[in-house]
Amino acid sequence: MKTLIAAYSGVLRGTGSSILSALQDLFSITWLNRSKVEKQLQVISVLQWVLSFLVLGVTCSVILMYTFCTDCWLIAVLYFTWLVFDWNTPKKGGRRSQWVRNWAVWRYFRDYFPIQLVKTHNLLTTRNYIFGYHPHGIMGLGAFCNFSTEATEVSKKFPGIRPYLATLAGNFRMPVLREYLMSGGICPVNQDTIDYLLSKNGSGNAIIIVVGGAAESLSSMPGKNAVTLRNRKGFVKLALRHGADLVPTYSFGENEVYKQVIFEEGSWGRWVQKKFQKYIGFAPCIFHGRGLFSSDTWGLVPYSKPITTVVGEPITTPKLEHPTQQDIDLYHAMYVEALVKLFNQHKTKFGLPETEVLEVN
């Protein structure tokens with residue numbers, strides 16, 4: 001308001017220099033305010049996904065159960081009936097929505113960190129693929145943004161390829177959350193789903209599996225580049241059974257966006273985490289990011305650290321209906337070697353020293 005008054009008084013005085021100065025001040029303040037608004041929109045876009053990931057499923061389940069006991073019980077019955085008839089849809093690739101994948105909110109999400117997707121090789125649309133995504137981090141934010149939205153233009157970088165990010169099957173038993181996940185092309189990480197997508201859904205499918213899973217998330221911390229991979233060979237067996245190419249993928253910065261309390265092996269905290277992992281499928285972590293309104297406070301909003309996901313060269317695999325352990329071990333070793341090579345080729349480009357070594361556990 002003061003700037004507008006200054007500009008107006010400049011017009012009354014008839015001094016062009018005063019008008020020019022006032023307009024410059026006005027535009028600078030407008031730009032500053034716009035910048036602040038965009039930053040807050042970025043924070044809100046990230047927070048809505050974090051809250052969806054953490055509590056949307058449980059919250060909607062509670063609301064659905066409560067609705068059964070109210071005058072609106074018919075709504076709950078109709079949705080529950082729909083759920084029963086639609087139960088197997090996630091196992092068949094779900095209901096991808098290009099409209100949802102292109103929401104503007106995902107561009108704000110991308111720009112908050114920012115997140116980038118780097119392509120190193122072309123992918124043939126006549127083949128199917130299993131991407132191994134590393135590391136898990138706390139929530140796999142890079143995996144979600146790059147492969148479940150179009151914010152980083154995955155469909156343009158890999159034309160003709162349909163990405164399916166695989167996550168815990170339990171998420172698809174949660175009302176509303178399951179619809180939200182399926183709209184982005186997210187599917188359950190189980191054998192039935194992967195078998196369907198790689199054998200009955202044509203070619204050009206790319207299933208993104210966060211190989212390290214819950215176990216890897218327990219060691220996620222800033223400054224650490226480590227993957228849980230040494231004994232994770234199931235994804236290789238699936239690739240061989242379907243003749244799907246293996247694609248190593250490393251996300252630089254994924255471990256930097258949250259700080260976590262790490263429990264040592266043998267401690268009560270690690271014991272609890274392992275029990276949850278064994279019986280429920282995920283491991284509860286004690287972590288924090290920044291606050292909603294200030295980066296100097298603790299909260300659930302991740303820190304705005306760059307995340308760069310590099311997609312490596314595909315490893316061509318033969319189709320073996322019954323791969324032997326020797327076959328699995330051979331292609332697993334090739335995959336580990338390719339992942340380490342990918343990490344070493346790109347680490348210095350994204351702020352890591354030449355001496356940094358990828359720890360493979």
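The values are calculated or read from the model by the stated rules, or taken from the named source; none is laboratory data. Computed from a prediction, not measured in an experiment: that's the story for all the values here. Every residue, glycine among them, receives a Cβ derived from its backbone with ideal geometry; neighbour counts consider all protein chains shown. Areas reflect the complete protein model, heavy atoms only, side chains present, ligands, DNA and RNA absent. Shrake-Rupley method; radii C 1.70, N 1.55, O 1.52, S 1.80 Å.
Counting only heavy atoms of the protein chains, get the accessible area per residue of the range 221-333 (1.4 Å probe) and round it to a whole Å² value. Mind showing how you got there, number by number?
Details: 5890 Å² over 113 residues.
Roughly 52 Å² per residue, with all protein chains present.
What the Kirkwood sum gives for the range 60-140 is a hydrodynamic radius of 17.5 Å, with every pair of different alpha carbons counted. Phi-derived couplings, Karplus 6.51 cos²θ - 1.76 cosθ + 1.60 at θ = phi - 60°, listed residue by residue for the range 211-220: 4, x, x, 4, 4, 6, 5, 5, 10, 6 Hz, with x used for Gly and Pro. Our Cα-only numbers for the range 156-232 put the radius of gyration and Dmax at 14.6, 42 Å. Once all protein chains are placed together, Trp49 keeps about 20 Å² accessible to a 1.4 angstrom probe.
Dipole size in debye (nearest 20) for the range 127-215 around its Cα centre, Lys and Arg Cβ +1, Asp and Glu Cβ -1?
Numbers: 7 positive and 5 negative charges, 26 e Å.
Roughly 120 debye, rounded to the nearest 20.
Contact order normalised by length for the chain, with contacts defined as Cα pairs under 8 Å and 6 or more residues apart; what percent is it? Before the final figure, lay out the partial values.
Working: 600 pairs, mean separation 71.1, N = 361.
In percent, rounded to a whole number, it is 20.
When each pair of different Cα atoms in the range 72-116 is counted once in the 1/r mean, what is the Kirkwood radius in angstroms, to one decimal?
Numbers: mean 1/r = 0.0742 Å⁻¹.
One over the average 1/r among Cα pairs gives 13.5 Å for the range 72-116.
Per residue, the convex hull spanned by the Cα atoms of the range 208-361 amounts to 140 cubic angstrom. Translational diffusion of the range 192-284 was estimated from the Stokes-Einstein equation, with Rh taken as the Kirkwood radius over Cα pairs; at 37 °C and 0.692 mPa s the coefficient is 213 µm²/s.
Partners of Lys305 within straight-line reach, counting lysines whose Cα lies under 17 Å from its Cα and excluding those fewer than 8 residues away in the same chain: Lys39, Lys224, Lys259, Lys347, Lys349. Per residue, the convex hull spanned by the alpha carbons of the chain comes to 200 Å³.
Summing Cβ point charges (Lys, Arg +1; Asp, Glu -1) relative to the Cα centre of the range 280-351 gives a dipole of roughly 400 debye. Peptide packing for 142-152, 334-344 was compared via the average number of neighbouring C-beta atoms within 10 Å per residue; ordered from the highest value, the list is 142-152, 334-344. Residues whose amide H falls under 5 Å from that of Gly299, counting only those 5 or more places apart or on a different chain, are Gly289, Arg290, Gly291, with hydrogens built in the peptide plane.
Sequence-ordered 3J(HN,Hα) estimates for the range 290-295 from the Karplus curve with 6.51, -1.76 and 1.60 and θ = phi - 60° stand at 9, x, 5, 10, 8, 6 Hz, glycine and proline given as x. In order along the range 93-108, phi translates into HN-Hα couplings of x, x, 10, 5, 10, 5, 5, 5, 5, 9, 3, 4, 4, 6, 6, 5 Hz, rounded to whole numbers, per the Karplus curve 6.51 cos²θ - 1.76 cosθ + 1.60 with θ = phi - 60° and x for Gly and Pro. Counting protein heavy atoms only, the chain has 61 percent of its accessible area on carbon and sulfur, 1.4 angstrom probe. Which angle from 0 to 90°, rounded to the nearest 10, does the C-alpha axis of helix 73-85 make with the longest principal axis of the chain? Here the helix axis deviates by roughly 50 degrees.
Could you tell me the convex hull volume per residue, in Å³, taken over the Cα atoms of the range 133-194? Intermediate values should be presented prior to the final figure.
Details: hull volume 6.1 nm³, N = 62.
Per-residue hull volume (Cα only) is 98 Å³.
What percent antiparallel are the DSSP beta bridges of the chain, to the nearest 5? List each step's numbers first, then the result.
Details: 10 of 36 bridges.
Rounded to the nearest five, the antiparallel share is 30 percent.
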